[in-house]
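So the structure is just underneath, and the comments pick up after that.
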Amino acid sequence: FKAMIGLRYAAQGQTSLTLTPNPAIVPSTTTIKQATTKSYNQKWLPMAGLIYQPNDNLSFYASYSSSYVPQASSAQDIYGNNTFAPISGRGYEVGTKDNFWDHKANLTLALFRITESNVLNKFSCASVAAATATGTCYAPVGEERSQGVEAELNARPLPSWQILAGYAYTDATVTSSDVANQVGARLQDVPFNDFHVWSRYDVPSGPLLGFGVGAGVTYVSGRKGTLPTAKSTTVLDLPGYTLADLALYYTYDDNYDVTFKISNLFDERYYQSAGFN
């Protein structure tokens, strides 16, 4: 058995100064001070972990961690103010890390749950009639939860052949919000399923010694690009996609490496993420 406990103290002070064009000068070439806001936040962050390793090939673990992230100074509400509380998070994870096949392969399997509070939602200020701010505005979503399972395999069947594969299932939703339509909604840009596999083979001997080839596939399932609003439950759906990559390698005299890689080999059109407008 191995145990670890830790405690971290975090504190941040922030001062924001807003400058606006001087309306007395047209066109304006100078600015005047509009407002100064100050904030100070602090928090104690505990963490702990436990590992059980019955032999050299198996280990089982459990961990708890906490996080604290002050909001960006550029974040503003619909009135141009930044009075948002920092994001605070709690993470729980249990899993196993195993070596097998005479140490030619290792596997990591993890179950996790992450909860974050005071998360902000981005939207266009112009979408709110009462807004006096311009550009991008933010509002507290409340609480988000992400939970699921991750698996990662690294295998070397032959000294010159390597295989990497991974899969993640993530259920990420809004669990608390002032906007009733958002409770239970999927988080933005988070797929349910994410899979990748990559294989590389290097020629071990003969006239092609030093040459290698690699190929891989990535799959990302459909995602939600936006959150529901108080006025509408309609959200942007982003389709899933599958991408293939190909790479060629050449190593000369153990001192020089040349790599040629083609990403998105079949020229698939896909949407990686959604913005906030």
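Of all residues in region 152-173, those that are more than 18 Å from Phe112 (Cα to Cα) and assigned to a strand (DSSP E or B) have Cβ atoms under 8 Å from Cβ atoms of residues that are open to solvent by 50 Å² or more (accessible area, probe 1.4 Å) and of a type in the set (Lys, Arg), 6 or more apart or on another chain, in Ala155/Lys104; Arg156/Lys104; Pro157/Lys104; Trp161/Arg200; Gln162/Arg156; Gln162/Arg200; Ile163/Arg156.
If the condition is being more than 23 Å from Ala165 (Cβ to Cβ) and more than 25 Å from the chain's Cα centre (by Cα), then region 234-259 contributes Tyr250, Thr251, Tyr252, Asp253, Asp254, Asn255, Tyr256, Asp257, Val258.
Taking into account only those residues within region 175-188 that are closer than 14 Å to Ser117 by Cα and out of contact with any Lys or Arg (no Cβ under 8 Å at 6 or more places or on another chain), which is least open to solvent (accessible area, probe 1.4 Å)? Per the stated criteria, the residue is Ser177. For region 63-90, the tally of residues that are small (Gly, Ala, Ser) and assigned to a loop (DSSP other than H, G, I, E, B) stands at 6.
The values are calculated or read from the model by the stated rules, or taken from the named source; none is laboratory data. Fair warning: this is a prediction, and the values are worked out from it, not measured in the lab. Neighbour counts run over all protein chains shown; Cβ positions are idealised from the backbone, glycine included. Note: accessible area is taken over every heavy atom of the protein model, side chains too, but ligands, DNA and RNA are not part of it. Shrake-Rupley method; radii C 1.70, N 1.55, O 1.52, S 1.80 Å.
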